[in-house]
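K.L.:
The structure that follows is given in the form of structure tokens.
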Amino acid sequence: MSNPQVEMTIAGHGTITIELDAEKAPKSTENFLNYVKNGFYDGTIFHRVIKNFMVQGGGFTAGMQQKTTDKPIENEANNGLKNDKYTLAMARTSDPHSATAQFFINVVDNGFLNHTAPTAQGWGYAVFGKVVKGTEIVDAVKGVQTGRKGFHDDVPKDDVIIEKAVVL
């Protein structure tokens, strides 16, 4: 089976193409594709941008309004994929199996996020894809000005909006 691809248009920045790893991360891939097909990501923002770490999106609309998601999925961080530069991983809370719609793009190699053991500390963050086109767009997003908004740090001062995400 070939790996599905998703094209994500980011307002004012351009378009990135993400290739998903359906073989190594089947649950995360299916979860992400369901959100894409339902139009969930259209109009959401990259709400957390840390220049030497990652850019996170998929859960909030402009003004930091959190969206209602489907139920959490099982963490697949033990799939052998690494949190390397330009890979996509599922965002989650301190509960290893709490990922829903939010994802992040690593903007540097983040080995400390990799799976080391099936424990609270060792679970890691499940990589399920990578940016195969438009890495310069990711680099532009990681460079936006950020600040604090409500209870949230590292929020872009000007919204970085995902206009549309489509399966290719």
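K.L.:
If I filter the stretch 13-35 down to residues being within 12 Å of the chain's Cα centre (by Cα) and among the hydrophobic types (A, V, I, L, M, F, W, C), which single residue comes out as nearest to L168 (Cα to Cα)?
P.N.:
If we take residues in the stretch 13-35 being within 12 Å of the chain's Cα centre (by Cα) and among the hydrophobic types (A, V, I, L, M, F, W, C), then I18 is nearest to L168 (Cα to Cα).
K.L.:
Looking at N75, N52 in this structure, which one is open to solvent by 70 Å² or more (accessible area, probe 1.4 Å) and outside any helix (DSSP H, G or I)? Before you say what the answer is, go through the steps one by one.
P.N.:
Working: N75 fails: open to solvent by 70 Å² or more (accessible area, probe 1.4 Å).
It is N52.
K.L.:
Taking the stretch 1-12 as the search range and keeping residues that are closer than 22 Å to P156 by Cβ and under 15 Å from the mean Cα position of the chain (by Cα), which one is most open to solvent (accessible area, probe 1.4 Å)?
P.N.:
To start, the set of residues in the stretch 1-12 that are closer than 22 Å to P156 by Cβ comprises 6-12.
Right, trim to under 15 Å from the mean Cα position of the chain (by Cα) and you get 6-10.
Values: V6: 0, E7: 61, M8: 0, T9: 40, I10: 6 Å².
Result: E7.
K.L.:
For A91, indicate whether it is farther than 19 Å from E136 by Cβ, under 12 Å from the mean Cα position of the chain (by Cα) and at pLDDT 95 or above.
P.N.:
yes
K.L.:
Here is a further query. May I ask you to verify whether D84 is of a type in the set (D, E, K, R) and open to solvent by less than 40 Å² (accessible area, probe 1.4 Å)?
P.N.:
It is false that D84 is of a type in the set (D, E, K, R) and open to solvent by less than 40 Å² (accessible area, probe 1.4 Å).
K.L.:
Would you please list the contacts, defined by Cβ atoms under 8 Å and residues six or more apart or on different chains, that run from a residue in the stretch 74-86 that is in contact (Cβ under 8 Å) with a residue 60 or more places away in the chain to a residue that is in a loop (DSSP other than H, G, I, E, B)?
P.N.:
L81/D21; L81/K24; L81/A25; L81/A126
K.L.:
Can you name every residue in the stretch 96-136 that is in a loop (DSSP other than H, G, I, E, B), open to solvent by 60 Å² or more (accessible area, probe 1.4 Å) and over 21 Å from Y35 (Cα atoms)?
P.N.:
Selection gives D109, T116, P118, T119, A120, Q121.
K.L.:
Residues of the stretch 137-156 being open to solvent by 40 Å² or more (accessible area, probe 1.4 Å), touching a residue at least 40 places away in the same chain (Cβ under 8 Å) and assigned to a helix (DSSP H, G or I), which ones?
P.N.:
Within the stretch 137-156, A140, K142 qualify.
K.L.:
Can you tell me which residues in the stretch 13-41 are touching a residue at least 24 places away in the same chain (Cβ under 8 Å), open to solvent by 50 Å² or more (accessible area, probe 1.4 Å) and assigned to a loop (DSSP other than H, G, I, E, B)?
P.N.:
Of everything in the stretch 13-41, those that are touching a residue at least 24 places away in the same chain (Cβ under 8 Å), open to solvent by 50 Å² or more (accessible area, probe 1.4 Å) and assigned to a loop (DSSP other than H, G, I, E, B) turn out to be H13, K24.
K.L.:
Still on this structure, please answer the following. Just name the residue that is farthest from the chain's Cα centre (by Cα) out of those in the stretch 55-70 that are assigned to a strand (DSSP E or B) and under 20 Å from V127 (Cα atoms).
P.N.:
Here the residue is G59.
The values are calculated or read from the model by the stated rules, or taken from the named source; none is laboratory data. Just so it is clear, the structure is predicted and the values come from calculations on it, not from any experiment. Backbone-built Cβ (ideal geometry, glycine too); neighbour counts: all protein chains shown. For accessibility, only protein heavy atoms count, side chains too; no ligands or nucleic acids. Shrake-Rupley method; radii C 1.70, N 1.55, O 1.52, S 1.80 Å.
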